[in-house]
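J.: Below are the structure tokens for one structure; questions will follow.
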């Protein structure tokens, strides 16, 4: 039976609003960085304004509990390590797309999924999955603060450096393989232990 998620109209509208707000704040930073560098304090004020807006945006997402219902439903019927790994990676990617920084995906994934992972696996496994995905995805999202900062520092557009940033897009696949091997090893160990 395929997994289905049903969202209320309020949840969809809230998610769209906050996604639009995140994209608009990123566009504001992008324009302030590339449409002529303002001298001194004026340039710093626009960057500080963007950081403040990103903080407000993230605070609203967390305070209004916009994303938590989606995350709760997403993991509700998964108990296998491989299933939980790919669902955590997919949720983290979606959160990274909605959020405009690296902090919110880390906080939301950690807080939201910890109880589920402790129930079925361990917090160490969740830490491994988060380190291999949650920490990296914001570097691939063009409107993320991390990607914009990397792009500005290197003077290379995000979509231009992304094909060469192998570490960013290969590591989530490797963590899926590690989860598969860990789950297979655990099943084999349980089979051997039960046969004795």
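The values are calculated or read from the model by the stated rules, or taken from the named source; none is laboratory data. In this text the structure is predicted, and so the values were computed from the model without any measurement. Don't worry about glycine lacking a Cβ; one is built from the backbone with ideal geometry, like all the others, and counts go over all protein chains shown.
J.: Cβ-Cβ under 6 Å, sequence separation 6+ or interchain: first residue in region 67-80 and touching a residue at least 60 places away in the same chain (Cβ under 8 Å) and at negative phi, partner assigned to a helix (DSSP H, G or I) and surrounded by 15 or more Cβ atoms within 10 Å (Cβ to Cβ). Which pairs?
T.: From residues that are touching a residue at least 60 places away in the same chain (Cβ under 8 Å) and at negative phi, the pairs are 74/87; 74/91.
J.: Among the residues of region 113-124, write down those that are assigned to a helix (DSSP H, G or I) and either surrounded by fewer than 21 Cβ atoms within 10 Å (Cβ to Cβ) or touching a strand residue (DSSP E or B) at 6+ places or on another chain (Cβ under 7 Å) (or both). So that I can check it myself, show each step before the final result.
T.: Step one: filter region 113-124 for residues assigned to a helix (DSSP H, G or I), giving 113-120, 123-124.
Matches in region 113-124: 114, 115, 116, 118, 119, 120, 123, 124.
J.: Quick check, is residue 134 modelled with pLDDT of 90 or more and part of a loop (DSSP other than H, G, I, E, B)? Spell out how you get there, then give the answer.
T.: Numbers: modelled with pLDDT of 90 or more: yes; part of a loop (DSSP other than H, G, I, E, B): yes.
It is true that residue 134 is modelled with pLDDT of 90 or more and part of a loop (DSSP other than H, G, I, E, B).
J.: Going by what's in this entry, would residue 168 be described as under 15 Å from residue 104 (Cβ atoms), assigned to a helix (DSSP H, G or I), touching a residue at least 24 places away in the same chain (Cβ under 8 Å) and touching a helix residue (DSSP H, G or I) at 6+ places or on another chain (Cβ under 7 Å)? Spell out how you get there, then give the answer.
T.: Numbers: under 15 Å from residue 104 (Cβ atoms): no; assigned to a helix (DSSP H, G or I): yes; touching a residue at least 24 places away in the same chain (Cβ under 8 Å): yes; touching a helix residue (DSSP H, G or I) at 6+ places or on another chain (Cβ under 7 Å): yes.
In short, no.
J.: For region 77-109: of the residues being touching a helix residue (DSSP H, G or I) at 6+ places or on another chain (Cβ under 7 Å) and assigned to a loop (DSSP other than H, G, I, E, B), which is surrounded by the fewest Cβ atoms within 10 Å (Cβ to Cβ)?
T.: Checked region 77-109; the qualifying residue surrounded by the fewest Cβ atoms within 10 Å (Cβ to Cβ) is 79.
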